[in-house]
């Protein structure tokens, strides 16, 4: 009887001292070569996919997760409908985040902050976003700026801005996106900055400026007049949002994430002091910008969890036409089972990213980051859609939160890197090619 060739057969042939008949020996050698070829061919795959440990949270981290969860359930979730309908920045939520100390979640401990690791950040942020998606998304923008400052700011600048967060509840906005610019291609910087009698003058337009009406400081980048290269001319600045000649355009009229206040901004020759230039020219180039996508992943995990929890609760208490709860029907149970699996897969990818970020090479991080962002945003959209299917026509009413979860989830598939770009990047790396999530012109 013939039997399948196994790797264990090759090992036993290689190690055995008993002479092997020549046909068998030849087969063993061929298989050994095949195994070595397979090892080489799948090195990238093993490198990215074998380590699936998600890590664990310590007691200190769990404390902050519990605080965030309590705020989200008791405060943020009850306000989410109103914030969405009024399309306004969640001022109350940010005051409570500041009072709880959570605005300093990513501020290093040496500057008085919590100094959370990435896994703690993912977990805390997903809880915040589960209560209010707009609060979660804008919290990520604030935290991303904290992360950037930690990489490129001088010690004096870090002391100044981080103390503002820790002591005064300052909120940072990341104002970097521009019309006509996209992560799909090389990112163009058209906002200009010029020297002017000991100051600098900032001129240009930014859009998708989350926290436009809620931030204390704006972090933005611009191109220095006369510079020949980005390395010489890309300047990062941190200016007060109340600075003269900054115009907020009321143009954030969207189907989802309506509370992020992501209006466009116009800088009309805005004065910038020399000590508001963050880092050296070009210092942001090549730095770790994974904080953005790490946070996006967490936010959409939170939305997915909110959609799932609402749907489970709804089918338990809502009766079908047959007079029994929807949750007792086979078809409902199948759908809930599918939703549970989608959520679990996305959550595991997010936890893996949080646990491994900071311990990965550039390509490894890029692979796992794009994987997690894609899975989280697709899961959020799919779970919200499934929730509406189970609710039926009532799911379209604004009296139920599931339609808001869907509208918020849709934003995730186009947030940078857009999901099509995520798949391209994952595919390029899986094929052994170099890939970038963000590149500048």
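Summary of computed values
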quantity: Any hit, region 250-259, residues being under 20 Å from residue 194 (Cα atoms), surrounded by fewer than 23 Cβ atoms within 10 Å (Cβ to Cβ) and in contact with a strand residue (DSSP E or B) (Cβ under 8 Å, 6 or more places away or on another chain); calculated: no
quantity: Among the residues listed as 321, 358, the single one being assigned by TED's automatic domain parsing to the domain that holds residue 415, in contact (Cβ under 8 Å) with a residue 24 or more places away in the chain, surrounded by fewer than 19 Cβ atoms within 10 Å (Cβ to Cβ) and not in a strand (DSSP E or B); calculated: 358
quantity: Which numbered condition residue 308 fails, given (1) in contact (Cβ under 8 Å) with a residue 60 or more places away in the chain; (2) outside the structural domain of residue 331 (by TED's automatic domain parsing); calculated: (2)
quantity: So residue 31, is it more than 20 Å from residue 350 (Cα to Cα) and either modelled with pLDDT under 95 or outside any helix (DSSP H, G or I) (or both); calculated: yes
quantity: Within region 146-198, considering residues that are under 25 Å from the mean Cα position of the chain (by Cα) and at positive phi, the one modelled with the lowest pLDDT; calculated: 180
quantity: Lone qualifier among 231, 203 - being in contact (Cβ under 8 Å) with a residue 24 or more places away in the chain, outside the structural domain of residue 102 (by TED's automatic domain parsing) and part of a helix (DSSP H, G or I); calculated: 231
quantity: Test: residue in region 154-163 that is closer than 15 Å to residue 107 by Cα, crowded, with 17+ Cβ neighbours inside 10 Å and in contact with a strand residue (DSSP E or B) (Cβ under 9 Å, 6 or more places away or on another chain); calculated: yes
quantity: Lone unmet requirement of (1) in contact (Cβ under 8 Å) with a residue 40 or more places away in the chain; (2) assigned to a helix (DSSP H, G or I); (3) over 22 Å from residue 84 (Cα atoms) for residue 160; calculated: (1)
quantity: Test: residue in region 292-311 that is touching a strand residue (DSSP E or B) at 6+ places or on another chain (Cβ under 6 Å), at pLDDT 95 or above, surrounded by 15 or more Cβ atoms within 10 Å (Cβ to Cβ) and outside any loop (DSSP other than H, G, I, E, B); calculated: no
quantity: Residue match in region 108-125 (condition: within 17 Å of residue 259 (Cα to Cα), part of a helix (DSSP H, G or I) and outside the structural domain of residue 355 (by TED's automatic domain parsing)); calculated: yes
quantity: Count of region 326-349 residues which are without any contact (Cβ under 8 Å) to a residue 24 or more places away in the chain and either part of a helix (DSSP H, G or I) or exposed (fewer than 15 other Cβ atoms within 10 Å of the Cβ) (or both); calculated: 9
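Residue by residue, here is whether (1) touching a helix residue (DSSP H, G or I) at 6+ places or on another chain (Cβ under 7 Å); (2) over 27 Å from residue 176 (Cα atoms); (3) in contact (Cβ under 8 Å) with a residue 24 or more places away in the chain holds:
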| position | (1), (2), (3) |
| --- | --- |
| 388 | yes, yes, no |
| 391 | yes, yes, yes |
| 400 | yes, yes, yes |
| 408 | yes, no, yes |
| 413 | yes, no, yes |
| 418 | no, no, yes |
| 423 | yes, no, yes |
| 426 | yes, no, yes |
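Yes/no matrix, rows are residues, columns are (1) under 21 Å from the mean Cα position of the chain (by Cα); (2) modelled with pLDDT under 95; (3) within 22 Å of residue 207 (Cα to Cα):
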site: 370; (1), (2), (3): yes, no, no
site: 405; (1), (2), (3): yes, no, no
site: 412; (1), (2), (3): yes, no, yes
site: 441; (1), (2), (3): no, yes, yes
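The values are calculated or read from the model by the stated rules, or taken from the named source; none is laboratory data. This one's a predicted model, so the numbers in the text were calculated from it and none came from an experiment. We place every Cβ from the backbone using ideal geometry, glycine too, and count neighbours over all the protein chains shown.
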